[in-house]
Every structure is written in C-alpha cells, then in structure tokens.
C-alpha cells in the first residue's frame, strides 16, 4: 500500500475525462488500483492496450466491487442507468461522484438509484479538449483547472468527511476545488460553457448552410475566430446533446438574456453607434485579460497526443 487517498478507484466510462483522471491519479499516487468499464468493446480494448487499469470489464457491477471511489464519466442522460447497474455491488462507505457538466439533473438521477450506505458527492472538473476516447487523455488536463463539488445537503460527520476526502483527491491531482450549490453551478456553466458551445455549433452550421459561400471556401479562408468556433463545435455530440437536454432551464434563461443583448448590438451596428460598440468591446477585452490573469487560458497542450500509440 502507498498511503493512497483511495486504494481502489472504479471509472465508469473511459473517454477523455475518465482516462485523464486515471492518468492524473497515477501520476499523483493517490490510487493503488483502478478498474474500468465502458459500454464500448473498442474502448475497453484500448484501455487494456494502454495499460490504464488493473481490471477492465464490460460489467459495471464487477468494476465497482470493493472500490473506495466510483467515478461516473458517462453522458449525463445515462448517469441514472449506469448507477442502477452499479448499485447492488457498491462497497458500503464508498464515495460516488461524477464528472458531468450538469449537476442538478445528475444528482437527482444518481441519488434515485444509489443505496443509502454510500456517499454521493457530485462533481464537475472544468477541463477538456475537443478530443475524445481513452487515447485523448493526459495527466495534466486538470492542472490548475477548477473542479466544482456540489455536495448533498447533509451535515453528518461521515458525509462531511467524504467530501473532504474527495476534495483532497482532486487537489492532489492538480486541480483547484470549489464547493457550490448545484443550481448555481448549472447557471454559471450555462454562461461560461454551455451557451458558448451552442453558439459555436450554430455559427458553424450557419456557415455550412450558406448558399453564397462554398464549404471549401469556409475551410480555406477561416480566420482565427471561426477556427476557434470549429474547434469548440468539434466536441463530442452525444455529450453536448445530453448537456442541453439536462440543463435546459438554465441554458434557456441565459440564452434569452444573450438574445436581448444581441438585438441591442444589432441596433448599434445598424445605426452606426460607434461609441456603444467601442464601450462593449473594451469591457469584454478586460474580461479576457481577467481570464488569462486567473490562469484559465487553455493552451491546448499536446500532452498525451503523441504517446501511448500502441
């Protein structure tokens, strides 16, 4: 034994986040043993070839048996189904968490299926790239990024201890940790992540549908801004479909506000209100500088992309 925070970790779903979590935990020495399960036989084959886990199985119950930490890293609309398969095999006292970008719906789905003798602590690491699959993961993905935990409204000592233990785990693998109310999380992420992805999907789709501009021209003459949109719009379609369905209330609220602001911007352009445009662009420039100062600029590192190619 190494004094790991969790002797055995089970990861349900081994895409970018799940495989990165395993690599980060190995690097930090905070787990001794890893079990992985995934619905895709191809993913399980890659996990085995890459040597990511001691136990690789297509059976969820088998993967979670005796695990001290169970991490659900599946699309948010399938969390409940995955938890149902795991429930009867969970070790009493185990900590169960997730990495989903929506917290209210996920917490409800997990809580409905899990037994009372485990500690459910929903979570969300705010990190990622447009890549997917076990080959895309890299240990440095969470370094200096925020992981938000949204604990249940429990005040008992045992549960609070589980929250502290999970927080220590994320801190040990390089993340900053914040505890937040689940509904507030969903509103914040609707602004900072979900709406930007929706805009990216829409603007790339608009460009592709323009009859006056060929698709070849869109690709050939893409300026920096459009290239950034295409990178975002290349994200996993299943994951993002589920996010928008699961977090529809918060997304629609922020989308309504955005639409109003966009209409005001349209009027300023139509009437040549240069001062209004300049004020907006100056204010948003300061936001960008704040993001960089906070260390949250994504450098899109190549960690892991040129290795583990067995």
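When residue 117 is tested against the conditions (1) closer than 28 Å to residue 228 by Cβ; (2) at pLDDT 95 or above; (3) surrounded by fewer than 19 Cβ atoms within 10 Å (Cβ to Cβ), the lone failure is (1). Checking residue 84 against (1) under 19 Å from residue 119 (Cα atoms); (2) out of contact with any helix residue (DSSP H, G or I) (no Cβ under 8 Å at 6 or more places or on another chain); (3) surrounded by fewer than 17 Cβ atoms within 10 Å (Cβ to Cβ), which single condition isn't satisfied? Among (1) under 19 Å from residue 119 (Cα atoms); (2) out of contact with any helix residue (DSSP H, G or I) (no Cβ under 8 Å at 6 or more places or on another chain); (3) surrounded by fewer than 17 Cβ atoms within 10 Å (Cβ to Cβ), the lone unmet condition for residue 84 is (2). Contact map, region 136-164: first residue under 18 Å from residue 107 (Cβ atoms), second residue part of a helix (DSSP H, G or I), Cβ cut-off under 6 Å, separation 6 or more or different chains; pairs are 147/170; 148/185; 150/182; 150/185; 151/163.
Would a scan of region 144-153 turn up a residue that is more than 19 Å from residue 97 (Cβ to Cβ) and surrounded by fewer than 20 Cβ atoms within 10 Å (Cβ to Cβ)? Among the residues of region 144-153, at least one is more than 19 Å from residue 97 (Cβ to Cβ) and surrounded by fewer than 20 Cβ atoms within 10 Å (Cβ to Cβ), which makes the answer yes.
For residue 168, the stated conditions do not hold, so it cannot be described as surrounded by 12 or more Cβ atoms within 10 Å (Cβ to Cβ) and modelled with pLDDT under 90.
Does residue 62 satisfy being in contact with a strand residue (DSSP E or B) (Cβ under 8 Å, 6 or more places away or on another chain), under 16 Å from residue 7 (Cα atoms), at pLDDT 95 or above and surrounded by fewer than 18 Cβ atoms within 10 Å (Cβ to Cβ)? Reasoning before the result, please.
On the way: in contact with a strand residue (DSSP E or B) (Cβ under 8 Å, 6 or more places away or on another chain): yes; under 16 Å from residue 7 (Cα atoms): no; at pLDDT 95 or above: yes; surrounded by fewer than 18 Cβ atoms within 10 Å (Cβ to Cβ): yes.
Taking the combined requirement at face value, the residue does not satisfy it.
Of all residue pairs spaced 6 or more apart or on separate chains, none has beta-carbon atoms under 9 Å together with a first member in region 239-267 that is assigned by TED's automatic domain parsing to the domain that holds residue 73 and at pLDDT 90 or above and a second member that is surrounded by 13 or more Cβ atoms within 10 Å (Cβ to Cβ) and assigned to a helix (DSSP H, G or I).
In region 91-112, the count of residues that are over 22 Å from residue 181 (Cα atoms) and touching a helix residue (DSSP H, G or I) at 6+ places or on another chain (Cβ under 7 Å) is zero. Scanning region 165-178 for residues being free of Cβ contacts under 8 Å to residues at least 12 places away in the same chain and more than 22 Å from residue 4 (Cβ to Cβ) gives a total of 0.
Any chance region 263-272 includes a residue that's surrounded by 11 or more Cβ atoms within 10 Å (Cβ to Cβ), in contact with a helix residue (DSSP H, G or I) (Cβ under 6 Å, 6 or more places away or on another chain) and part of a helix (DSSP H, G or I)? Within region 263-272, one or more residues are surrounded by 11 or more Cβ atoms within 10 Å (Cβ to Cβ), in contact with a helix residue (DSSP H, G or I) (Cβ under 6 Å, 6 or more places away or on another chain) and part of a helix (DSSP H, G or I). The residue pairs whose first member lies in region 18-43 and is touching a residue at least 60 places away in the same chain (Cβ under 8 Å) and assigned by TED's automatic domain parsing to the domain that holds residue 79, whose second member is surrounded by 24 or more Cβ atoms within 10 Å (Cβ to Cβ) and part of a loop (DSSP other than H, G, I, E, B), and whose beta carbons are closer than 6 Å, counting only pairs six or more residues apart or on different chains, are 18/73; 19/137; 20/137; 23/137; 24/173; 25/173; 28/173; 43/14.
Suppose the filter is under 26 Å from residue 102 (Cβ atoms), under 28 Å from the mean Cα position of the chain (by Cα) and modelled with pLDDT under 95; does residue 286 pass it?
Details: under 26 Å from residue 102 (Cβ atoms): no; under 28 Å from the mean Cα position of the chain (by Cα): yes; modelled with pLDDT under 95: yes.
Spelling it out, it is not the case that residue 286 is under 26 Å from residue 102 (Cβ atoms), under 28 Å from the mean Cα position of the chain (by Cα) and modelled with pLDDT under 95.
The values are calculated or read from the model by the stated rules, or taken from the named source; none is laboratory data. These figures come from a predicted structure and were not determined experimentally. Note that we place each Cβ from the backbone using ideal geometry, even for glycine, and neighbour counts take in every protein chain shown.
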